[in-house]
Amino acid sequence: MIIAIDGHSSCGKSSFAKRIADELDILYIDSGAMYRAATLYCFENDIIHAAKLNVDVLIQSLDKIQIEFRKIECSTKPQVFLNGKNVEDKIRSIQLSSMVSEVSVVAELRKRMVDIQRSFGKNQSVVMEGRDIGSVVFPDADIKIFLTASPEVRAKRRFDELTAKGEKVSLEEIMKNLTHRDKIDQSRETSPLIQSEDAILLDNSFMTPDEQMVWFRNLIKT
Ligand code: DC
């Protein structure tokens, strides 16, 4: 079974997908973590400099960017590894988030990511979340969900998440980042964020995680 969850930035796709994966005991893949790891590579190798991405150098460097997921003992969430190193703790900062959509626009990078993502669905069930999972990665997915929430609710959730980790950010900064990412994600030429015709829309602005699971259980019952 392939379950595709797409939607806007910070609308809770990861938590939702993870709970579904735990409940059904299937693999969970956070495809955004792959684009974030590629963005980290760009920061660490001066391919992003002064908030500018050097697209040509990124394309030339693609062979040097090895991204994979590995299970570790203390977490049930598969961790994203960049060139052999677990980078989960480094990829969610506001600085990195401010450039990830620019990196994700690069078609050559996307092609590689999509190949890896498809390989996860070959011999096993998977719930994968991102922006183009139902439209491009798994157009024949058994269940497609398009998740969204109001920008205000999304910004507040991300603010709480980052401040709980000790990051110093303002709500305005987060709102600016979300709006910026939504705009790029929806307007890029390759695999823009769109709701596929056969995807079911869920606005979770006023739903708790438990209520979302009730909604999901009803969905798979039908
Ligand atoms: O889900 P996220 O916010 O962690 O994703 C980070 C960025 O990665 C997002 O702004 C756009 C990009 N992305 C993408 O282009 N395609 C995907 N399938 C997943 C994420």
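Values in this text are rule-based calculations from the coordinates and carry no lab data. Every value quoted in this text rests on a predicted model; they were computed, and no experiment measured them. Please note: Cβ atoms are built from the backbone with ideal geometry, for glycine as well, and neighbour counts cover all protein chains shown.
On full extension, the segment bounded by Asp56 and Ser75 gains 3.2 nm, given 0.36 nm per residue less the C-alpha separation. Considering only Ala4, Ile94, Ile29, the residue lying farthest towards the positive end of the dipole of the chain is Ile94, judged by Cα position with unit charges set on Cβ. Pairs spanning more than 28 Å between alpha-carbon atoms, out of Lys111/Lys156; Lys111/Lys221; Lys90/Lys111; Lys13/Lys165; Lys85/Lys122: Lys111/Lys156; Lys111/Lys221. Dipole check for the chain: with +1 at the C-beta of Lys and Arg, -1 at the C-beta of Asp and Glu, and the Cα centre as origin, the magnitude is about 280 Debye.
Counting only Cβ charges, +1 for Lys and Arg and -1 for Asp and Glu, the dipole size of segment 1-52 around its Cα centre is about 180 debye. Taking 30 Å as R0, compute the FRET efficiency from the Cβ-Cβ separation of Thr190 and Ser14 and round it to 0.05. Efficiency, rounded to the nearest 0.05: 0.85. A crude spin-label estimate for the pair Ile94 and Trp215, with each label 7 Å from Cα along the Cβ direction, gives 2.8 nm. Which residue, chosen from Asn177, Phe159, Leu219, occupies the Cα position most advanced towards the positive end of the dipole of segment 154-222, where the dipole is computed from +1 (Lys, Arg) and -1 (Asp, Glu) charges on Cβ about the Cα centre? Value computed over the given set: Phe159.
How would His49, His180, His8 line up from fewest to most surrounding beta-carbon atoms within 10 angstrom? Display every interim value, and only then the final one.
Numbers: His49 12, His180 15, His8 20.
Going from least to most buried by this count: His49, His180, His8.
Pairs of alpha carbons in the chain separated by more than 32 Å make up 13% of all such pairs.
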